[in-house]
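Okay, structure first, notes after.
The values are calculated or read from the model by the stated rules, or taken from the named source; none is laboratory data. Being a predicted model, the structure only gives us computed values, none of them experimental. Cβ sites come from the backbone with ideal geometry, for glycine too, and all protein chains shown count toward neighbours.
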Amino acid sequence: MRYCWLLIVALGLWACDWSSYDQSQARLAYVITDEELFEDDVRLSRSVDGYTYLDSVRYTGYLISYYPDARLKSKKGYYDGKLEGDYITYYPSGEVYSQRPYHKGEKHGEHLGYFEDGGLKFQYQFVDGLGEGTHKEWYESGEPKLEMNYVKGHELGAQKYWRPDGKLRSNYVVRENGRRYGMLGLKRCAKIDSETGDIDPYKGTIQ
């Protein structure tokens, strides 16, 4: 009995360590210098392969933008020419609009968006640029808007979409073969320009 108890404790400690490891990996980031440049600096250029250059050198530092009244609009970090760390955007009031971590230029970790009153607007999970786990969105009222599940960038499992009045518009399940079963009340969610705040929660197409 004593040995069984020790085994249970050991497994519990191992599970805690593994959980901590997983969470830390979701926020990997290189050390970025304190250099800051305006996002529209004429010395900056972007190559077709996705790198950002300052003159002819891959940029490491932060790019920032401001509203006309000089309030901070956005701040995003770069390491060796690729997005790295948190990309944060703000409302004109100064409240945080979105916080989106990147690693090596790819969406990585928990992406959060907020309404101006601080309520959650969206919550997405990414691993190396691909949607993973449950993605959620809310209406400004606080009512749920959608709940989608992804595995390696593809819809898989239960998918739900609510109308503003709280009624389900779509409620279906995606199987491993890509087929959908249930109430399909809308076409596949459209991609939304990330510059507006709503991030495309998937990448690629279902085969």
Could you go through segment 88-105 and let me know if any residue there is within 30 Å of L130 (Cβ to Cβ), at pLDDT below 95, polar (S, T, N, Q) and in contact with a strand residue (DSSP E or B) (Cβ under 6 Å, 6 or more places away or on another chain). no
Kindly evaluate Y51 against the criterion of being under 21 Å from F126 (Cα atoms) and surrounded by fewer than 17 Cβ atoms within 10 Å (Cβ to Cβ). yes
Please report, ordered by residue number, the strands (runs of 3 or more DSSP E) entirely within segment 50-143 with at least 1 residues that are aliphatic (A, V, I, L, M). 52-54, 61-66, 72-79, 82-90, 96-103, 109-114, 120-127
Selection status of G204, modelled with pLDDT under 95, assigned to a strand (DSSP E or B) and on the phi > 0 side of the Ramachandran plot: no
Within segment 159-186, track down each residue that is among the hydroxyl-bearing types (S, T, Y) and either closer than 17 Å to S141 by Cβ or surrounded by 15 or more Cβ atoms within 10 Å (Cβ to Cβ) (or both). Y161, S170, Y172
